[in-house]
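Take a look at the structure set out below.
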Amino acid sequence: MVADGGMPPDHGPRFAERAPDALNNPQLRRNFRRAMDGLMAKRAAQFPDPAYWAELRERGAAVKARALSRLPDLLERLESRLTANGVQVHWAETTEEANAIVLGILQQAGARTVIKGKSMVSEEMHLNAHLERHGIEAVESDLGEYIIQLAGETPSHIVMPCIHKNKDEISDLFAEKIPGLERTGDVDELTAAARRVLRERFANADAGISGVNFAVAETGTLVLIENEGNGRLSTTLPPLHIAVTGIEKVVETLDDIPPLLALLPRSATGQPITTYVNMISSPRKAGEKDGPTAVHLVLLDGGRSRVYQDVELADTLRCIRCAACMNHCPVYTRVGGHTYNAIYPGPIGKILTPQLQGLDAAGDQPHASTLCNACAEVCPVKIPIPDLLVRLRREAVRPTETPATHLPVVKDGGAERSWTESLVWAGWRLVYTRPLLYRMVTRALAWGGNWVPANAPLMRDWTKARAKPRFKPRTLHDLARERGYLNEVPK
Amino acid sequence: MTITNLAATNTAAAATPAARPDTVYFFGTCLVDMLYPEAGLAGMDLLRHAGVRVVFPEGQSCCGQPARNSGYVEEAREVARAQLDAFPGDIPIVVPSGSCAGMMKTHYAHLFEGDPDQPRAIAFAARIHELTAFLVNVLGVTLADKGAPVTVTWHPSCHSLREMGVGDEPKALLRQLANVTLVENSRERECCGFGGTFAVRQTAVSTAMVSDKLASVRETGAGTLLSGDCGCLMNIGGHAEKVADGTRCRHIAEFLMERCHGG
Amino acid sequence: MSAPPNTARDAILGRLKAAPGRPGPDLPPWTPPTYADKLARFRQMAEANHAEIHDVTAANWLERLATILNNRGVGRLMVAPGTPRGDALLRAAAQGVPLPTLVPYDQSVEVLKDALVHQVDAGLTGTRGAIAETGTLILWPTAQEPRLLSLLPPLHIAVLEEDTLHDTLAAVVRDQGWAAGMPTNALLISGPSKTSDIEQTLAYGVHGPKELIILLVRKEGE
Ligand code: SF4
């Protein structure tokens, strides 16, 4: 969407301004804390042996890194294998193009209703809204996605989209939206109600749309994992299946799948494996009694090829969307997914949003992290999220260029450039690289630093929740001199 | 061929049991220099009591982390270069902060990428040790407690845990003290919400984090929180003071010196 | 640069190919686990996945199955004609063995949709083997034994031969050379359909089967 009059698009309040709403909602905080504590414990139980975990994730990270190093080649191989298997492959530069492709396929097939399996790429595309504008009804079938679709909300987590809602909120929602359903606090009854409604949707859907977890170039196989069976239904029962995925999901060989499958569900939900691993290599063949007669794959770039230009930032593309980084993030745990106001929340979102949507859209998100490393510690493909956050902070104040295009490596590079800040750091550098000057300044602070008023810039924010730090009358340099620690290293 | 950017946290490799050195450098850190000099002094005193000569080079200032974390990488590199110059001898550099140690040990190589000083930066990084890990793993200190009975709880900094790979060492030191009871708090491994400029840029989230951290400390009933990082102490201690909580927040070096050598 | 790209495909691939090259790492060694007692591991993990395992033999499986079905009051069982188990059941029913009404999956889903979606209580399939590590069944549906048979009926009964157990997925994919010829749809199934989307509370049968019964055909003499 382009805003009028050359004004930058309004991306709404920044993270720091949105956070208090969530922080002041005790129910929301309890919901998240409880859920994240559970997920962390379950994940930890899946990796009891640190040596095996290290070996497995090295392998997983290398599989993805190797695939990325050959990305254009693998995409071409994937395309030719899939085509040979009878799957039709489409390429989309932007989410708009991807929407148009999906709509075109559906219209050509005369489809009016679509049943959807969970797909974050389709969220990126805002596909449901696009289809609805063109008279096609798209119903989410993953229970969590169905719940938030009923509520008119967006996912707050990439694996558990309705994790922000508790049972009571869901019973109220179901009682209001599902005809004939009484309010019930029983999870089995709620689940059964959704099954009844969605069964009919499945039976009558003209097409199924799904995401893809891994696409295997060697065999032309789309691998989808899930627990509910809705993914299998979406890709098997309707006569037409359209899969949408990002170009970074391709891996080279079928042998690459087992280590990734050993990492993904364990990291995501603490399960050794999901109930279903669904590997699709072709549409229904002659003589087969079920399965869609046509299968399409839409490969979405959506900014990924730009990310790919920078070898460091391209580590982002290793992501297998397990959500472990958000489950373990002390910030995400407290504010939940909606505070990020983006498709991808949490640590992965903080590095992905600025790169896919631009630094303007991401606002202060690269700074909404203490760099505590909890995310990098658990990431199954070893994405150095904190280092990439630092890199993006840098791109926001001092952008680097792509040599070929002379464009900033990251969209809206330089968005946060500030002369005052640059001056502060220039001054800091001057003082901290000149020992004599440094000692003069620190002595001056030792003498007068405590007179800085509590309402001075920065101090004002610091003292909202904390006492002023106290400068000591003598610095460590002074004490070291007094105690004779300034001696030379013996030759 | 291997690629270099696969390392997520560049966690320092388990220190190969270095030979016990006669002399070590001490890198005080800028925060300790101005706000917690007693902690720095205690660190040096502990090393001296353990029988090594300590050298505090006067040219030192800061590891460069504040600028790097704000995206001002060039400024960080120049300040880092000043540290390379200030610690020329080939002896260990001991740091009373997991975070500053982590900056130097795990980020200098990348910080100096493409810079003629990169080899020097890598060699420098290899000499970096976090204080408590150095006391335990390299010096193998034994401590004799002379203090009155007290209960304490421990806060590891995120970077000591996840960059320096410091695990049980500080707690092992505390367990050597006969009259000290160490109780663990329920969210020991969780960040306290400091994060440098995070604390002022994201005040609301930072406040929520530090108040949860203090609550988990309070739950233990220990009146004293110890840590090896003054950033965390400034944050948690500053919050305790603001809400008049009464929890004492102290650097472990100071605490150990006071109990074993009378301060 | 060559002529400007005129399709999304060319543009995307062009950008990727123009990007700086990067070395791909060699794959570091990874040794997937092996199990001295595969069966014990499989049993433990499959039961943890909420599957119900019944030990049977080649001689008594049908009789045992009939009892299980009777005890559960299964009225309509869908079977796959043209598969050994499906044909055996159809023959037995014809000979008067007391079994539920057998519904053969012998026409396309378009014809049988209503029965599949609304009427049958259970579906019976074979398996291609199983994975001990995770308690997982391997199914490669075929023209005779279609994909939805293991998915739409509320109860899925799967027949597993003891000697088709493997340690891990990595081992099966490698040992059986899967890459040489993948079927239309290869499936790994670990327990019945489940969700924990509502307050992380486990609930079964949200879309697929609520129950999974594994008839484990033991080797003779054990
Ligand atoms: S960044 Fe890593 S931890 Fe986060 S979702 Fe992606 S793969 Fe999982």
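The values are calculated or read from the model by the stated rules, or taken from the named source; none is laboratory data. These numbers come from a predicted model, not from an experiment. Note: ideal-geometry Cβ built from the backbone for every residue, glycine included; neighbour counts use all protein chains shown.
A few points about this structure:
- Failed item in (1) more than 9 Å from chain B (Cβ to nearest Cβ); (2) surrounded by 12 or more Cβ atoms within 10 Å (Cβ to Cβ), with A:Leu392 passing the rest: (1)
- Filter result for C:Gly14 (facing another protein chain (nearest Cβ under 10 Å), surrounded by 15 or more Cβ atoms within 10 Å (Cβ to Cβ) and at pLDDT below 95): no
This table checks each residue for (1) within 23 Å of the chain's Cα centre (by Cα); (2) at the interface with chain A (Cβ under 7 Å from one of its Cβ atoms); (3) assigned to a loop (DSSP other than H, G, I, E, B).
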{"position": "C:Trp30", "(1), (2), (3)": "no, yes, yes"}
{"position": "C:Thr34", "(1), (2), (3)": "yes, no, yes"}
{"position": "C:Arg43", "(1), (2), (3)": "yes, no, no"}
{"position": "C:Glu52", "(1), (2), (3)": "yes, no, no"}
{"position": "C:Leu62", "(1), (2), (3)": "yes, no, no"}
{"position": "C:Leu69", "(1), (2), (3)": "yes, no, no"}
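- One residue from B:Pro92, B:Pro116, B:Pro96 being surrounded by fewer than 16 Cβ atoms within 10 Å (Cβ to Cβ) and either closer than 24 Å to B:Glu58 by Cβ or over 20 Å from the mean Cα position of the chain (by Cα) (or both): B:Pro116
- Within the stretch A:387-423, the set of residues being of a type in the set (A, V, I, L, M, F, W, C) and within 17 Å of B:Phe198 (Cα to Cα) comprises A:Leu388, A:Leu389, A:Val390, A:Leu392, A:Ala396, A:Val397.
- Qualifying positions in the stretch B:140-193 - charged (D, E, K, R), under 18 Å from B:Met257 (Cβ atoms) and buried (at least 16 other Cβ atoms within 10 Å of the Cβ): B:Asp145, B:Glu169, B:Lys171
- Wholly enclosed helices (runs of 4 or more DSSP H) of the stretch A:47-141 bearing at least 3 residues under 30 Å from A:Cys379 (Cβ atoms) and touching a Ser or Thr at 6+ places or on another chain (Cβ under 8 Å): A:120-125
- Screening the candidates C:Ala8, C:Ala48 for the property of being at the interface with chain A (Cβ under 10 Å from one of its Cβ atoms), in contact with a strand residue (DSSP E or B) (Cβ under 6 Å, 6 or more places away or on another chain) and not aromatic (Phe, Trp, Tyr) yields one hit, C:Ala8.
- On the stretch given as the stretch A:316-374, residues that are within 16 Å of the ligand (Cβ to nearest atom), over 12 Å from A:Arg18 (Cβ atoms) and in a loop (DSSP other than H, G, I, E, B) total 13.
- Against the criterion of being acidic (Asp, Glu) and within 12 Å of chain A (Cβ to nearest Cβ), B:Glu241 qualifies.
- Selection from the stretch A:438-491 of residues that are at the interface with another protein chain (Cβ under 7 Å from one of its Cβ atoms) and polar (S, T, N, Q): A:Thr442, A:Thr475, A:Asn487
- Per-region count, the stretch B:86-118, residues assigned to a helix (DSSP H, G or I) and either within 29 Å of B:Leu226 (Cα to Cα) or within 9 Å of chain A (Cβ to nearest Cβ) (or both): 13
- Residue check for A:Val307: touching a Ser or Thr at 6+ places or on another chain (Cβ under 7 Å) and either within 16 Å of the ligand (Cβ to nearest atom) or more than 10 Å from every other protein chain (Cβ to nearest Cβ) (or both): yes
- When restricted to residues that are touching a Ser or Thr at 6+ places or on another chain (Cβ under 6 Å) and either hydroxyl-bearing (Ser, Thr, Tyr) or within 10 Å of another protein chain (Cβ to nearest Cβ) (or both), the stretch A:13-32 contains 3.
- The single condition among (1) closer than 19 Å to B:Ser70 by Cβ; (2) surrounded by fewer than 23 Cβ atoms within 10 Å (Cβ to Cβ); (3) touching a residue at least 24 places away in the same chain (Cβ under 8 Å) that B:Glu219 does not satisfy is (1).
- For the stretch A:375-390, filtered to residues that are in contact with a His (Cβ under 9 Å, 6 or more places away or on another chain) and of a type in the set (D, E, K, R), the residue that is nearest to the ligand (Cβ to nearest atom) is A:Glu377.
- Once the stretch B:1-37 is narrowed to residues that are surrounded by fewer than 22 Cβ atoms within 10 Å (Cβ to Cβ), at pLDDT 80 or above and touching a strand residue (DSSP E or B) at 6+ places or on another chain (Cβ under 8 Å), the residue that is nearest to the other protein chains (Cβ to nearest Cβ) is B:Thr23.
- Selection of the stretch C:41-62 for residues being under 23 Å from A:Leu263 (Cα atoms) and of a type in the set (A, V, I, L, M, F, W, C) yields C:Phe42, C:Met45, C:Ala46, C:Ala48, C:Ala51.
- Inter-residue pairs, beta-carbon under 6 Å, first buried (at least 24 other Cβ atoms within 10 Å of the Cβ) and in the stretch B:226-246, second in a loop (DSSP other than H, G, I, E, B) and small (Gly, Ala, Ser), 6+ apart: B:Asp229/B:Ser97; B:Asp229/B:Ser157; B:Cys232/B:Ser157; B:His239/A:Ala465
- If the condition is being crowded, with 23+ Cβ neighbours inside 10 Å and away from the ligand (no atom under 16 Å from the Cβ), then the stretch A:259-280 contributes A:Ile273, A:Thr275, A:Tyr276, A:Val277, A:Asn278, A:Met279, A:Ile280.
- Just so you know, in the stretch A:286-302 the residues that are in contact (Cβ under 8 Å) with a residue 60 or more places away in the chain and within 11 Å of chain C (Cβ to nearest Cβ) include one that is farthest from the ligand (Cβ to nearest atom), and it is A:Pro292.
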